[in-house]
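Have a look at the structure below before the remarks.
The values are calculated or read from the model by the stated rules, or taken from the named source; none is laboratory data. Here the structure is a predicted model, which is why all the values come from computation and not from measurement. Positions of Cβ are generated from backbone atoms using ideal geometry, with glycine treated the same way; all protein chains shown enter the neighbour counts. We work out accessible area using only protein heavy atoms, side chains counted, and drop any ligands, DNA or RNA first. Shrake-Rupley method; radii C 1.70, N 1.55, O 1.52, S 1.80 Å.
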Amino acid sequence: MLLFLSVPQPRPPGARTRAGAARVARWRRRRQRLRLQQLRRLRGLLRGLRGRPGADSRRRGRMALCGQAAGAASLPSELIVHIFSFLPAPDRLRASASCSHWRECLFYPALWPQLRICLRVSPAEQPRLEFLMRKCGWFVRELRVEFAAENYLSGGGGPGDGGGADSGTGGEEVEGLQLSTSWLEVLRTYLELVLCVLVSIRNNRNLQKFSLFGDISVLQQQGSLSNTYLSKADPDGKKIKQIQQLFEEILSNSRQLKWLSCGFMLEIVTPSSLSSLSNSIANTMEHLSLLDNNIPGNSTLITAVELERFVNLRSLALDFCDFTAEMARVLTDSNHVPLQRLSLLVHNVSVMHKSLDNMPNDDHWKALSRKSTSLRVYIMAFDIKSEDMLKILKPSIPLERIHFDSYITCVSGAIVDLISRQYDKFLTHFILMNDVIDTSGFPDLSDNRNEDPLVLLAWRCTKLSLLAIHGYTVWAHNLIAIARLRGSDLKVLEVTEESIDFDQGELADQDVDPVHNLIEQVSLGLGQPWHAVMDIESLSVFTEPNRHFYREMQRFSEDI
């Protein structure tokens, strides 16, 4: 006999009381949510079971898998963005070509916190730059843009360089006119590209790092890109003024800016630009780089009074003539955090128009070193006379890197010897470049000296890790001595083939190939394969000294 018992349903707690009505409603809503969650889990399990290929129906399983792949466009945007985050930029671009939905997810802000662009100053670059900046300019947090004229218009020189043709007076005038027209076209394009970048980020309040570099202002062998060409490209000055106003607007609108770097940008930064920064942003700025040797007269891009606002500055890059004794005093104040990186550009154009009388003396450098024991200095010198370098190189400078680049004035052996004696505890990078046209007459630093200054440099500077030389005679036996002295600690040794010379005794020995012996001995000394630089064009430190210095300065400042 079967008994059917009627079991009463459990009554919600507090249902009989009026005060428990709200608790009953909450209890019912909670039960409904639990049921919905269980249904969703069950549906997910059923979908998984339907998609699995059975043991006896492999073909059906393959079709199920293909059906899932075909539905990739229906994936949620968050999942697509998460997938993109694991891909490098080229693969990310290829994946975005699969469908319109994936292409829309390509420029999700989380995928582009950093944007680094290297642009040829060419009209063909403008549409692509406008598209990229329109997509990313309003949210990018770190923006680095580099402008460069392609091979300096493939003319081998600047506005004052006739290209070396010997075609009579009429031919030179025509060639000069063509080159002048080309430079004007480059400048007009350059101004348009700069405007495109600045307009796209004018309202970006998330910008934390902003870096601009323009290599078309580099000093050429027989002429420089001066303000005269700039005035011809923009006769009424409207574009230049608009660019300056946009730059100041970006600074005034910034709320998170920590890093500001501008190098060789042809009057984009003015002496009044930094006044647009609010005190709160200036107080939290960590890096400031203002490099432009085209500022006329004694005007500077930043003064000691303005520097007082940057109390949290950890790295600074300036023209050497702008770094005064008063600035050094400001940086040693107790309300400033210790400065850790200082990059200085010593340019012959600045030295000619500005005085070295206001530069810090040895006592100021001692005070800076006491304030920050980790302070390191990076100096680049363009065509500086030996007597001026003797004034600049104070004994108490914690010099870690120095780069000489010359077109007319050569570095003397006395300067190299002075550097090895004064900065033996700090020096890690030493670059010596001389862009002479006549390769048969390289200067010899060891003339009239008992010891070669480069060998003494390798012996005294125990932290030396990079040595690059071109345009100075380096004797083969001295190169072997340098490799043996520094050994595996010398990570980079770059010497051009035309800079290496051999003694007559080495050349007279018929049993030994001097070149093969040099390569073998230097490789043994360094503990790694070594060969001389055969193609000077492969050395960016030689072909693009401004760009090399700017990039190295960025790495030098970031390595804190």
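Given the residues R134, R58, R120, which is the only one that is at pLDDT below 85 and surrounded by 11 or more Cβ atoms within 10 Å (Cβ to Cβ)? Testing whether each residue is at pLDDT below 85 and surrounded by 11 or more Cβ atoms within 10 Å (Cβ to Cβ) leaves just R120. What do you reckon, is L445 at pLDDT 95 or above and either open to solvent by less than 20 Å² (accessible area, probe 1.4 Å) or in contact with a Lys or Arg (Cβ under 6 Å, 6 or more places away or on another chain) (or both)? Considered against the rule, which asks whether it is at pLDDT 95 or above and either open to solvent by less than 20 Å² (accessible area, probe 1.4 Å) or in contact with a Lys or Arg (Cβ under 6 Å, 6 or more places away or on another chain) (or both), L445 comes out as no.
Listed by position, the helices (runs of 4 or more DSSP H) inside the stretch 482-559 whose residues that are open to solvent by 70 Å² or more (accessible area, probe 1.4 Å), polar (S, T, N, Q) and out of contact with any Pro (no Cβ under 6 Å at 6 or more places or on another chain) number at least 1 are 504-508. Selection of the stretch 251-261 for residues being among the hydrophobic types (A, V, I, L, M, F, W, C) and open to solvent by 10 Å² or more (accessible area, probe 1.4 Å) yields only W259. Checked against (1) surrounded by 22 or more Cβ atoms within 10 Å (Cβ to Cβ); (2) not in a strand (DSSP E or B), F404 meets all criteria but (2).
Put simply, of S369, S412 the only residue that is touching a Leu at 6+ places or on another chain (Cβ under 7 Å) and over 26 Å from D292 (Cα atoms) is S369. Selection over the stretch 373-386 of residues that are in a loop (DSSP other than H, G, I, E, B) and open to solvent by 30 Å² or more (accessible area, probe 1.4 Å) gives a count of 3. Taking first residues from the stretch 455-482 that are over 19 Å from L524 (Cβ atoms) and partners that are part of a strand (DSSP E or B) and open to solvent by 20 Å² or more (accessible area, probe 1.4 Å), the Cβ contacts under 6 Å between residues at least 6 apart in sequence or on separate chains come to L466/H429; L466/V492; A468/E494; T473/D501. I'd like the residue in the stretch 416-437 that is of a type in the set (A, V, I, L, M) and touching a Phe, Trp or Tyr at 6+ places or on another chain (Cβ under 9 Å) and, out of all such residues, is most open to solvent (accessible area, probe 1.4 Å). Among those residues, the one meeting the criterion is V436.
The residue that is farthest from S557 (Cα to Cα), counting only those in the stretch 349-372 that are open to solvent by 10 Å² or more (accessible area, probe 1.4 Å) and in contact with a Pro (Cβ under 8 Å, 6 or more places away or on another chain), is H353.
Suppose the filter is under 20 Å from E552 (Cα atoms) and open to solvent by less than 50 Å² (accessible area, probe 1.4 Å); does L454 pass it? No: the conditions fail for L454. Within the set M389, M359, the sole residue that is without any contact (Cβ under 8 Å) to a residue 60 or more places away in the chain and not in a helix (DSSP H, G or I) turns out to be M359. If you go through the stretch 528-557, how many residues are in contact (Cβ under 8 Å) with a residue 60 or more places away in the chain and closer than 19 Å to K258 by Cβ? The qualifying residues number 5.
Of these, E308, E286, E267, which one is free of Cβ contacts under 8 Å to residues at least 40 places away in the same chain, closer than 27 Å to F139 by Cα, open to solvent by 20 Å² or more (accessible area, probe 1.4 Å) and among the charged types (D, E, K, R)? Only one candidate passes the filter, namely E286.
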